[in-house]
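Q: I'd like to ask you about the structure that follows.
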Amino acid sequence: MKENTNIYFQARKEASKGDARLFNRDFAAEQLGVASYTLGEYERGVTKVVPIDKVVLMADLYNKPELVTNYCRHECPVHGFLPLATEDKGIQGITLRLLNGLDDDDLDEMKSKLIDIAEDGEVSDEEVAELRKIVDQLTKIAEVISELKIAAEKRLKGR
């Protein structure tokens, strides 16, 4: 039998280690306000787009805030392009990557180039490559910020 790798199933399975009642799909479904078979369809991937309100409830019930960002990044038809983290990568690595991305010299250089690009209100053909580079840097920083938010939510929940 193939193991179920669906993120909603895996999140409930992991959460059941801290609350054994969540091992039972019927209990989890009741907490989420859905039928057990509906939760089963979410967990087997039968439901292609899980309702966002249920994703938010699962994220809270299972203490897995990354379920929401995963939804926003992969399932939401409007916001699938956002630089969002989809897993908790550990606070130490996140902090180092964030501080590295917020280096004062790099930020000053980016700020200066952005001012040069924006000062005439137009983006010339010569400025396009530089603007792309700036957007790429900001996208990487935004993703690390998203990772930090996930890690912080998990660690601050209930405190």
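Q: Listed residues E126, E109, E122; which is charged (D, E, K, R) and not in a helix (DSSP H, G or I)? Steps first, please.
A: On the way: E126 fails: not in a helix (DSSP H, G or I); E109 fails: not in a helix (DSSP H, G or I).
E122 is the lone residue from the list that is charged (D, E, K, R) and not in a helix (DSSP H, G or I).
Q: Shifting gears a bit: If you take the residues in the range 31-47 that are part of a helix (DSSP H, G or I) and touching a Ser or Thr at 6+ places or on another chain (Cβ under 9 Å), which one is least open to solvent (accessible area, probe 1.4 Å)? Step through it out loud before you land on a result.
A: We begin by selecting, within the range 31-47, every residue part of a helix (DSSP H, G or I); these are 31-32, 36-44.
Imposing the further condition that a residue be touching a Ser or Thr at 6+ places or on another chain (Cβ under 9 Å) reduces the set to 32, 38, 41.
Details: L32: 6, T38: 30, E41: 61 Å².
Of everything passing the filter in the range 31-47, L32 is least open to solvent (accessible area, probe 1.4 Å).
Q: Now a separate question. Considering only the range 48-76, state which residues are at pLDDT 90 or above, assigned to a loop (DSSP other than H, G, I, E, B) and β-branched (V, I, T).
A: V50
Q: Could you check G80 against (1) at pLDDT below 85; (2) part of a helix (DSSP H, G or I); (3) within 13 Å of the chain's Cα centre (by Cα) and say which number it fails?
A: Condition not satisfied by G80: (2).
Q: Could I ask something else about it? For a quick check of your reading of the model, give me the residue pairs whose first member lies in the range 45-66 and is over 14 Å from G33 (Cβ atoms), whose second is part of a helix (DSSP H, G or I) and open to solvent by 70 Å² or more (accessible area, probe 1.4 Å), with beta-carbon atoms closer than 6 Å and at least 6 apart or on different chains.
A: Note: pairs meeting the criteria are P65/E153.
Q: Turning to a different aspect of this structure: If I ask for residues that are outside any loop (DSSP other than H, G, I, E, B) and loosely packed, with under 15 Cβ neighbours inside 10 Å, which ones from the range 14-30 would you list?
A: Of the range 14-30, the ones outside any loop (DSSP other than H, G, I, E, B) are 14-15, 20-23, 25-30.
Within the range 14-30, E14, A20, R21, F23, D26, E30 qualify.
Q: Right, something else. Pairs needed: first member in the range 131-143, closer than 11 Å to M110 by Cβ; second member anywhere, acidic (D, E) and at pLDDT 85 or above; C-beta distance under 8 Å; at least 6 residues apart or different chains.
A: Taking only residues 6 or more apart or on different chains, the pairs are Q137/D106.
The values are calculated or read from the model by the stated rules, or taken from the named source; none is laboratory data. Note that the coordinates shown come from a computational prediction; the quantities given were computed from them, not determined experimentally. Using ideal geometry, Cβ is built from the backbone for each residue, glycine included, and neighbour counts are taken over all protein chains shown. With ligands, DNA and RNA removed, areas are computed over all heavy atoms of the protein, side chains included. Shrake-Rupley method; radii C 1.70, N 1.55, O 1.52, S 1.80 Å.
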